[in-house]
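Below is one structure, written out as structure tokens; the observations come after it.
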Amino acid sequence: MTLVTPSELAAVLGEVTVLDVRWRLAGPPGAESYAEGHVPGAVYCDMDRDLAAPPGPGGRHPLPEPEAFQEAMRRLGVRASRPVVVYDDADSMAAARAWWTLRYFGHDDVRVLDGGFRAWTEAGLPVTADVPDVDPGDFTATPGGMPILDADQAATTKVLLDARAPERYRGEVEPIDPVAGHIPGARCAPTTANVDPSGRFLPPQALKERFAALGAVPGVDVGAYCGSGVTAAHQVLALHLAGVPAGLYVGSWSHWITDPARPVATREE
């Protein structure tokens, strides 16, 4: 089980570790939303502090070192023997990064609340501002649980999906990084098309059809990237739901452009 509904999560509260991963690029801090109200028992997980190393040559959200990630997860109460459920506001764009990073570092039972906090509140389930007391976890971070790509591997991946908005892919606008465009050969596949208007993932068959149209099918070398490795994790999650394994270029575009020798494309491919 990868996705859980609000009612399914409500039935197991107290038996799982719940992480609130609300975050928006250039938006209000997720900690503020958490303080206003969250799923009972949930602990706030900070995207920049807990799920990434500091920005630098590796990109804007590089992979954290195993020791740093392990310390963060233990502080949040994550245990190897206990399932973890992660959620964000609605569309799982941030929660997917938590799902992917926990899976990469060896936790084998991580689930995503489909539809996020919005779905929880729309279901009429309880919300609290109380911050729970957290018993330290025992999670041990062991890298390698999910495939990753470096820049050279991303450049040679047969089907490389660019998870950003089409206008960023085409290089028409670039609101964040200093260079506009995309990795040559990458295919435009914005993650917003993975979910319905409520933020819930499309059914697996619909996702299979979407990715098949892009050439991403089982048995083909598939990878994903975005601006800094956050929404690309959502792409990997959607591909997982569709039954298609995929590697994540964690550094993504913010890392690709650190080397001026790497080519940049702006035409639709």
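Note that the stretch 103-160 carries a Kirkwood radius of 15.7 Å, evaluated over its alpha carbons pair by pair.
Summarised in one figure, the compactness ratio Rg/Rh of the stretch 59-173, Cα atoms and Kirkwood Rh, is 1.03. Helix 204-213 sits at what angle to the longest principal axis of the chain, using alpha carbons and giving 0 to 90 degrees rounded to 10? Between helix and principal axis, roughly 10 degrees.
Projecting the Cα atoms of Thr101, Ala119, His255 onto the charge dipole of the chain (Cβ charges, centred on the Cα centre) puts His255 farthest toward the positive pole. Here Val264, Val112 are placed in order of increasing Cβ neighbour count within 10 Å, fewest first, which gives Val264, Val112. Assuming charge only on the beta carbon of Lys and Arg (+1) and of Asp and Glu (-1), the dipole of the stretch 3-122 about its Cα centre is about 200 debye to the nearest 20.
Distances between every pair of Cα atoms in the stretch 112-243, grouped in 10 Å steps from 0 to the bin holding the largest one, split as 11, 34, 30, 19, 7 percent.
Using only C-alpha positions, report the orientation-averaged shadow area of the convex hull of the chain, nm², one decimal.
Averaged projected hull area, Cα only: 13.2 nm².
Neighbour counting of Cβ atoms within 10 Å sorts the residues Tyr44, Tyr34, Tyr169, fewest neighbours leading, into Tyr44, Tyr34, Tyr169. For the chain, modelled as a GNM whose springs connect Cα atoms under 10 angstrom apart, the maximal fluctuation among Leu113, Leu13, Leu76 occurs at Leu13. Each Lys and Arg contributes +1 and each Asp and Glu -1, all at the Cβ; summed about the Cα centre of the chain, the dipole is approximately 600 debye.
Charging the Cβ of each Asp and Glu at -1 and of each Lys and Arg at +1, and nothing else, the dipole of the stretch 148-256 about its Cα centre rounds to 300 debye.
Where a number appears in this text, it was derived from the coordinates with a stated rule and is not lab data. Everything quoted here is computed from the prediction, not taken from an experiment. Virtual Cβ from ideal backbone geometry, glycine too; neighbours counted across all protein chains shown.
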